[in-house]
Every structure is written in C-alpha cells, then in structure tokens.
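To start, the structure under review is shown below, and the notes come after it.
The values are calculated or read from the model by the stated rules, or taken from the named source; none is laboratory data. Just so it is clear, the model here is predicted, and its values are computed rather than measured. We place every Cβ from the backbone using ideal geometry, glycine too, and count neighbours over all the protein chains shown. SASA here: full protein model, heavy atoms, side chains in, ligands and nucleic acids out. Shrake-Rupley method; radii C 1.70, N 1.55, O 1.52, S 1.80 Å.
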Amino acid sequence: MQILLSISIMLFLAMAIGYLAQITGLCMVRGITDWMQGRHLRLIAIVSSGFWIYLYLPLMQFAQLRSHLTSYDFHWGFPAGGVIFGLGAAINGSCSISTASRLASGDLRMLFTMMGWLLGWLASEYTGLDFVYRELDPASLWLCWVIIVCLALASTLIYWRQRQNWRLWSGIMLVGILVGALFLLQPAWSPSDFIRDLGLAIIKHDPEILPALDRVALLLLMLIGMGIGAWRYRRFHWHVPGLQSSLKHLGSGTLMGLGAAFALGGNDYQLLLALPALSPAGFSALLGMLGGIWMGIRLIGSPSQHGNQHP
C-alpha cells in the first residue's frame with residue numbers, strides 16, 4: 001500500500017511539473033532571448049528554481065537524503081560540455097525540458113532532437129576523452145538556509161513591487177518546489193538522467209542500467225501533463241518535419257547529448273540538481289550552457305526567426 005501511494009504521488013508530481021513547464025515557458029533558450037531583449041526575470045527565475053528544494057531541508061536531514069545532491073570539483077570538461085550543449089540548444093530552439101514541451105505540443109521535430117541526445121551520449125564514448133571527475137563533500141547547511149531565506153525575500157518583493165511579473169515567477173517557483181518533492185522520491189527523475197542511463201546501458205551492454213518502469217512512467221506522465229497544458233492554452237499544433245528540418249534537429253540534439261555527456265547532465269540536471277548541491281562543476285557547466293546559447297543566438301538569430309516558437 002505504501003509503495004502504491006509513493007508511485008501515485010510521483011506520477012501526480014510528474015504530470016503537474018509537465019503542465020507547469022508548458023504553461024510557464026520553462027526554457028533557458030527563451031530565458032536568454034528575453035534577457036537579450038531587456039527582460040531579465042524569466043532567466044533569474046529559471047536559474048533559481050532548483051534551490052527551492054531547500055524547503056525540504058528538515059526532511060532531507062531527518063531521512064539523510066542530502067547525499068543525493070552530488071557535488072563535483074571543477075574540471076574543464078564541465079564548461080566545455082556546457083558550451084557544446086548550449087550551442088545545440090540554440091540551434092534546436094529549445095533546451096531539455098522545453099524540447100519535451102514542444103513534442104507534447106505536436107512538434108514532431110523534437111523526436112529527432114531526442115534521438116540526437118542519445119546519439120550524442122553514444123558518440124561521447126568514441127571521443128577518446130576519459131574524464132575523471134572528483135566528488136566533493138556536501139555544502140554547509142547554513143549556506144543552504146541563507147539561500148532559501150534570500151529566495152523567500154525575493155519572492156515577497158516581486159509579489160508586492162512587481163505584481164505583473166508574479167505569475168511568471170510563482171509558476172517557475174512552483175516547478176522548483178514540485179521537482180524538489182519528486183527528487184526526494186526518485187532522484188533520477190530528469191529527462192537527462194533517463195537518456196544518460198539509456199546510453200550507458202547501450203555502451204556498456206548492461207541491461208541493469210536501463211531506466212526502470214517507474215522512470216518510464218514518470219517521463220510519459222510528464223509529457224501528458226505538457227500535452228494537457230498545450231490543449232488548455234490552444235498551443236497544440238501538429239508539425240511534421242521535412243528532411244532538412246529533421247537533419248537539423250538530429251544534429252542539434254547530438255550536440256546537446258554530447259555536451260550533456262561531458263557535463264554529466266543537461267540543463268535540467270544542472271539547474272535542478274547540480275546547482276542546489278552547490279557544485280563548482282555545476283556552476284561552470286551552467287555558465288557554459290548560458291554562454292553557448294548566447295553565442296548560438298547571436299550566430300543564427302532568435303529562435304522565433306526560424307519558426308521555433310516556444311510555448
């Protein structure tokens with residue numbers, strides 16, 4: 001009975017996260033585009049979203065769950081992987097979670113992007129680069145408490161002084177809170193983790209690494225939640241790609257997968273797991289991703305100019 005309840009809660013959280021990610025436009029590419037146009041709040045909300053997991057600090061301490069927030073020392077592979085991922089995301093017009101959002105909205109080009117993710121992870125095995133990453137001790141708890149207090153104060157300030165931006169901030173904040181709850185139940189919930197383990201299972205010929213059925217169900221329920229959000233706000237439109245578009249998204253997805261392999265995860269992992277762990281590697285990877293997206297947009301133009309409108 002307890003296992004059934006836990007699974008039901010996880011599935012509900014996954015659907016709710018998918019719905020909110022769809023309606024809030026949770027996407028780093030869109031965040032960078034907004035920033036370049038003088039609108040800064042979306043990117044700030046996205047970057048800070050993972051830190052809401054600190055609301056669960058008392059529970060995490062009681063259940064000794066903080067070990068799941070893994071921190072790594074700086075290594076040049078992390079920012080390099082971040083830049084590669086960012087360039088791929090800019091070409092794709094979406095990052096990890098928003099790629100799934102667009103697929104759930106009927107954009108079949110994103111299927112080729114996801115196939116590219118897997119190809120990128122597989123290709124990383126043949127680069128000849130054998131990175132050795134050093135794990136660090138968990139960050140001090142007092143710093144975690146300082147961060148969550150600052151976030152609470154920032155939220156209060158936005159509510160009282162920038163009420164017109166409250167819906168955007170609170171929507172992305174709620175995604176972070178729900179993700180924190182889901183993380184406590186299933187640490188490897190993220191799409192990046194799913195693709196990583198699928199690639200590792202193929203590379204190492206080890207079926208035990210394959211994502212379990214609960215993770216398959218989480219991914220499907222997240223897509224269903226995104227689809228419901230698309231229908232609710234009339235964003236669902238079938239988009240069947242041609243050959244050129246398919247190859248473009250397959251290539252951009254391959255860059256994203258290769259970069260994620262070097263950085264140990266895509267932007268969903270860096271934002272929602274690595275940053276809350278206060279990982280130097282996570283910070284450098286995210287900076288690389290932001291820089292890669294910025295460079296990609298400068299080179300190819302805004303995603304909206306290429307027909308890649310975000311939800």
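If we scan segment 25-35, do we find a residue that is open to solvent by less than 10 Å² (accessible area, probe 1.4 Å), in a helix (DSSP H, G or I) and closer than 21 Å to residue 218 by Cβ? No, because not a single residue in segment 25-35 is open to solvent by less than 10 Å² (accessible area, probe 1.4 Å), in a helix (DSSP H, G or I) and closer than 21 Å to residue 218 by Cβ.
Scanning segment 111-144 for residues that are over 22 Å from residue 82 (Cα atoms) and touching a Phe, Trp or Tyr at 6+ places or on another chain (Cβ under 7 Å) yields a count of 1. Taking the listed residues 53, 9, 3, the one that is assigned to a helix (DSSP H, G or I), open to solvent by less than 60 Å² (accessible area, probe 1.4 Å) and either within 28 Å of residue 234 (Cα to Cα) or β-branched (Val, Ile, Thr) (or both) is 53, with no other qualifying. Among the residues of segment 247-286, those identified as surrounded by fewer than 24 Cβ atoms within 10 Å (Cβ to Cβ), more than 25 Å from residue 136 (Cα to Cα) and of a type outside the set (S, T, N, Q) are 247, 248, 250, 251. Residue check: residue 233 meets all listed conditions (1) within 24 Å of residue 88 (Cα to Cα); (2) in contact with a helix residue (DSSP H, G or I) (Cβ under 7 Å, 6 or more places away or on another chain) but one, namely (1). Scanning segment 162-201 for residues that are closer than 17 Å to residue 271 by Cβ and small (Gly, Ala, Ser) yields 171, 176, 180, 181, 188, 190, 192. The helices (runs of 4 or more DSSP H) located wholly in segment 76-151 include none with 2 or more residues which are touching a Pro at 6+ places or on another chain (Cβ under 9 Å), surrounded by fewer than 24 Cβ atoms within 10 Å (Cβ to Cβ) and basic (Lys, Arg).
As a summary of the residue check, residue 186 satisfies the conditions (1) in contact with a Lys or Arg (Cβ under 8 Å, 6 or more places away or on another chain); (2) closer than 19 Å to residue 48 by Cβ; (3) of a type outside the set (A, V, I, L, M) except for the one numbered (2). Among all positions in segment 42-62, there is at least one residue which is of a type in the set (Val, Ile, Thr), under 23 Å from residue 105 (Cα atoms) and touching a residue at least 60 places away in the same chain (Cβ under 8 Å). One residue stands out among those in segment 180-205 that are free of Cβ contacts under 8 Å to residues at least 24 places away in the same chain and either part of a helix (DSSP H, G or I) or open to solvent by less than 50 Å² (accessible area, probe 1.4 Å) (or both): the one that is nearest to residue 6 (Cα to Cα), which is 197.
Kindly evaluate residue 48 against the criterion of being in contact with a helix residue (DSSP H, G or I) (Cβ under 8 Å, 6 or more places away or on another chain), small (Gly, Ala, Ser) and surrounded by fewer than 18 Cβ atoms within 10 Å (Cβ to Cβ). Spelling it out, it is not the case that residue 48 is in contact with a helix residue (DSSP H, G or I) (Cβ under 8 Å, 6 or more places away or on another chain), small (Gly, Ala, Ser) and surrounded by fewer than 18 Cβ atoms within 10 Å (Cβ to Cβ). Of all residues in segment 69-92, those that are under 13 Å from residue 255 (Cβ atoms) and not aliphatic (A, V, I, L, M) total 6.
Restricted to segment 56-72, and to residues there that are modelled with pLDDT under 75 and assigned to a loop (DSSP other than H, G, I, E, B), the residue that is most open to solvent (accessible area, probe 1.4 Å) is 64.
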